[in-house]
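Since the structure comes first, as structure tokens, the remarks are kept for the end.
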Amino acid sequence: MTCCGNASLRRIHTGLSPALFFPALRGRAFSFWIGLVSLMAWPIPVAAAPAPIQTNFADEAILARLPDAVPRSTRLPPSAAAMAEEVQALIDQARGSGDPRFLGYAERRFQQWPDDAMTDRLRVLRATLAQSLHRFDEARQDLAEVLNRSADRRQRIQARLTLANLETVQGRYHQARAHCQRLSTEFPGLIAASCLAQVDARSGATRAAYDRLANQLAAAGNTGSAGYLWARGTLGDIAAQLGLASAEAHWQAVLASSPTDLYTRTQLADWYLRNGQVQSVMALTLGYEQVDALAVLRVIAMRRTGHPDQDGLANRIRERFEEAQWRGALLHKRDFARFQLAIEERPDIALRHAMANWETQREPLDTALALRAAIAADDQAAVRTLRNWLEQTGQSDARYPELP
Amino acid sequence: MSRSAPCMRLIAAVLLMFPLATPALAHKASDSFLYVDTGQSELRIDVALRDLALLMPLDRNGDQQLSGREVRAQRAVITRTLEEAVTVASASGSCSLTGTDWGISTHSDGHYSAARYRLGCPNGEAPQTLSYTLLFDRDSLHRGLVRIDSGDRHTLAVLSPAERTVNLLPGTAPGAWGIFTTFLYEGVIHLLIGLDHILFLLVLVLPASLMSASPGSTGPPGLRPRLIQLAGIVTAFTLAHSVTLALAALGIVRLPVAWIETVIALSIALAALNVVWPVFGRKTWRLAFAFGLVHGFGFASVLGDLTGGEANLAVALAGFNLGVEVGQLGLLVLGFPMLYLLARFRLYQRALVPAVLAGVGGISLLWVIERAASI
């Protein structure tokens with residue numbers, strides 16, 4: 001939390017005017033103290049008491065469902081290749097399910113693995129892991145090492161692409177563009193084209209980036225390839241930035257062939273929510289309550305429709321975030337901030353976390369949330385910080401309606 | 001996507017790994033919950049069934065589901081595994097764990113095994129440390145979330161691969177008392193560095209130092225009535241800002257800070273004006289109370305910056321409020337005698353007080369303009 005630490009956080013305007021006098025309260029000092037004492041005793045959940053221990057649970061009750069791909073033992077894989085396969089499977093599992101336990105298993109593996117047995121592939125995987133744990137500098141270091149030293153073309157390309165993505169996510173478009181350009185000479189195709197289009201779109205040339213990538217996609221023709229889907233996903237992102245309705249079709253195409261792409265699912269659910277298509281949000285997030293980002297979008301949609309389970313879901317999310325705060329490391333600051341803003345209606349807390357998140361991640365959804373929180377909390381300094389950065393990068397986005 | 005040509009596999013690998021950075025996603029990471037009651041000498045440990053299944057063959061029929069029967073059948077293995085991973089010690093050595101309850105419980109991500117133990121420490125001593133190693137060799141992100149209850153104090157702690165032992169003795173962990181003293185300090189500091197509150201206080205206090213002879217009496221009143229008046233003013237200010245500080249900090253009433261800050265600046269100017277032309281009357285305590293309400297919202301914005309979702313908000317609030325009072329009283333104890341002494345000189349009343357009032361009034365009006373501009 002660097003940026004918001006010193007800024008004065010503002011509170012929301014509730015429609016009450018600043019009260020100079022409360023005539024009805026005047027002269028009743030005693031009742032004030034009573035009131036104050038009762039306020040002090042307001043129940044604040046401090047790691048609420050645990051649920052009771054149930055001793056007579058039913059034999060037939062299904063208490064837990066177990067995932068498949070968990071490491072069966074603490075014994076290390078016999079070779080670097082086997083290690084890479086295992087770690088890759090764990091990272092894929094984490095990505096597809098949104099379950100961070102798999103990241104913990106993978107990291108434990110790396111801790112056990114001897115340094116002198118690291119390979120380029122393992123280094124790229126370790127960087128990917130670090131990146132998903134938001135340890136961006138560690139990731140950068142591993143990737144730079146592969147790019148500097150490795151002769152393995154495949155790992156170099158993978159490292160280049162991962163680094164380009166990392167720089168894009170952090171809003172360092174200059175660095176990201178350099179990596180995308182290198183990628184387009186080392187590995188030309190739709191993936192490199194998407195890489196460049198994404199960076200161009202984020203730094204001012206949004207419409208041109210969209211048209212160019214759409215043309216490249218049409219020219220490529222191969223609708224079954226991975227590059228094709230990659231480009232569709234990127235076109236969805238850029239279309240959303242432009243406020244084009246085609247965003248939906250692009251993202252739907254990606255989801256149709258990889259339903260576990262949680263990134264795309266989140267983008268699309270957010271898109272529906274912004275467009276007031278609440279029922280589509282409900283359909284898209286059904287069965288994804290365990291994923292913070294989707295659960296938060298779902299509960300906001302529920303609130304908009306007065307869904308009977310809105311309080312139930314809000315309570316489950318709240319408990320999850322309380323446990324995460326007890327843990328001390330809040331991995332999903334954006335989701336937490338959005339929950340605070342939309343459900344808890346605490347713009348000050350929302351802004352604090354949205355800005356802390358924005359310090360490390362500057363995707364449009366991160367920036368959009370930070371802006372909304374800053375305006376809701378009436379924090380001009382934060383608004384200025386965001387606005388300056390957007391001007392500096394030339395970024396505009398239909399999802400920042402607050403800005404001219 | 002899963003064609004076997006090398007280039008395609010590369011792309012597939014690329015595609016699988018690429019989006020990981022962007023989504024902020026997850027279930028939740030693995031946590032165990034340990035509740036220690038040092039007064040009752042009790043320990044409760046809750047471990048997710050999913051996590052236990054990593055350590056022992058819980059899923060006997062291999063259907064990737066854990067039934068009540070399967071969990072119950074492994075009760076002995078579960079409790080033995082826990083007891084090997086947890087050590088409680090007092091000054092003289094390890095404490096024994098005697099199981100009292102065992103069953104299941106729920107946390108945000110599902111069912112947990114829950115076991116309660118009575119702690120038997122050597123020579124009847126109080127437990128001093130808790131060490132925990134469960135699952136650390138499987139999952140680097142696993143944590144033991146500890147709540148220590150000692151009397152009516154609750155302390156939270158976290159056990160991790162790097163930090164496997166927690167001190168259970170009161171006073172060693174930053175508990176409610178630590179939060180209280182931290183915020184007490186913040187309250188004092190905020191009052192002292194917040195020039196607007198000090199100026200407001202100064203302007204309120206000036207009339208008490210100037211009290212002129214009331215009609216019918218023989219001379220200017222002594223120290224006693226002045227102190228009484230002063231106490232009235234300070235109490236009214238305190239009461240008022242305590243109330244609004246609490247209302248705002250607890251999120252019951254929220255007002256835009258830019259407005260509040262403007263009104264605070266205006267309040268100083270009006271209070272200064274009131275010394276010369278008592279438009280709000282001679283009863284300064286009323287003025288102190290009314291504007292105190294506004295100043296409370298001002299304190300709250302600072303408190304909000306400091307706490308931001310702090311769990312012990314009530315404790316923080318009490319500490320902060322008391323800190324503001326301490327700072328205020330400290331200033332008065334030092335400043336008022338000086339004003340009282342100065343009041344004996346005609347020059348004080350004739351020149352110094354008007355100069356101070358004009359200065360304070362001017363500064364505060366400048367603030368009003370500045371702050372109103374940022375609304």
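Numbers below:
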read-out: Considering only chain B, percent of DSSP beta bridges that pair antiparallel, nearest 5; value: 85 percent
read-out: Neighbouring partner chain Cβ atoms per residue of B:99-111, average, 10 Å criterion; value: 5
read-out: Sequence-distant residues sharing a close amide H with A:Ala61 (under 5 Å, placed H); value: B:Gly68, B:Arg69
read-out: Whole-number D in µm² s⁻¹ for the range B:27-173, Kirkwood Cα-pair radius fed into Stokes-Einstein, 37 °C, 0.692 mPa s; value: 209 µm²/s
read-out: Amide hydrogen neighbours beyond the local backbone of A:Arg362, cut-off 5 Å, H modeled; value: A:Gln170, A:Gly171
read-out: In order through the range B:139-156: 3J(HN,Hα) via Karplus (6.51 cos²θ - 1.76 cosθ + 1.60), integer Hz, x for Gly, Pro; value: 9, 5, 9, 5, 9, x, 8, 10, 10, 9, 9, 10, x, 9, 9, 10, 10, 9
read-out: Peptide B:68-75 - average C-beta neighbours from other chains (10 Å radius); value: 4
read-out: Net charge of neighbours whose Cβ lies under 12 Å from the Cβ of A:Ile62, counting Lys and Arg as +1 and Asp and Glu as -1; value: -3
read-out: Neighbour net charge for A:Arg160 - beta-carbon separation under 9 angstrom, K R +1, D E -1; value: +1
read-out: Directionally averaged projected area (convex hull, Cα atoms, the range A:278-319), nm²; value: 2.5 nm²
read-out: Cα centre as origin, Lys/Arg/Asp/Glu Cβ charges: the range B:177-298 dipole, Debye; value: 440 debye
read-out: On Cα atoms only, tilt of B:257-276 relative to the major axis of chain B in degrees; value: 20 degrees
read-out: The protein assembly as shown - charge dipole about Cα centre, Lys and Arg +1 at Cβ, Asp and Glu -1, debye rounded to 20; value: 1640 debye
read-out: HN-Hα J in Hz across the range A:109-115 - Karplus 6.51, -1.76, 1.60, θ = phi - 60°, x for Gly and Pro; value: 4, 5, 5, 7, 6, x, 4
read-out: Under the Karplus curve 6.51 cos²θ - 1.76 cosθ + 1.60, θ = phi - 60°, whole-Hz ³J(HN,Hα) for the range A:125-141, x wherever Gly or Pro sits; value: 5, 5, 5, 4, 5, 4, 4, 6, 8, 6, 9, 5, 5, 4, 4, 4, 4
read-out: Residue-averaged beta-carbon neighbours from other chains (10 angstrom radius) around A:314-326; value: 4
read-out: Amide H partners (placed H, <5 Å) of B:His107, local residues excluded; value: B:Tyr112
read-out: Ordering of B:95-103, B:136-144 by packing [mean C-beta count within 10 Å, highest first]; value: B:136-144, B:95-103
read-out: On Cα atoms only, tilt of A:173-186 relative to the major axis of chain A in degrees; value: 20 degrees
read-out: Compactness of the range A:190-259 as Cα Rg over 2.2 N^0.38 Å, two decimals; value: 0.99
read-out: Cα long-axis angle, helix A:310-327 against chain A (0 to 90 degrees, to the nearest 10); value: 70 degrees
read-out: Mean ellipticity per residue at 222 nm, deg cm²/dmol - from DSSP H runs of n ≥ 4 across the protein assembly as shown, formula -39500 (n - 2.57); value: -19000 deg cm²/dmol
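Just so you know, all these numbers are worked out from the coordinates, no wet-lab data involved. Everything quoted here is computed from the prediction, not taken from an experiment. Quick reminder, even Gly has a Cβ in these numbers, built from the backbone with ideal geometry, and neighbours come from all protein chains shown.
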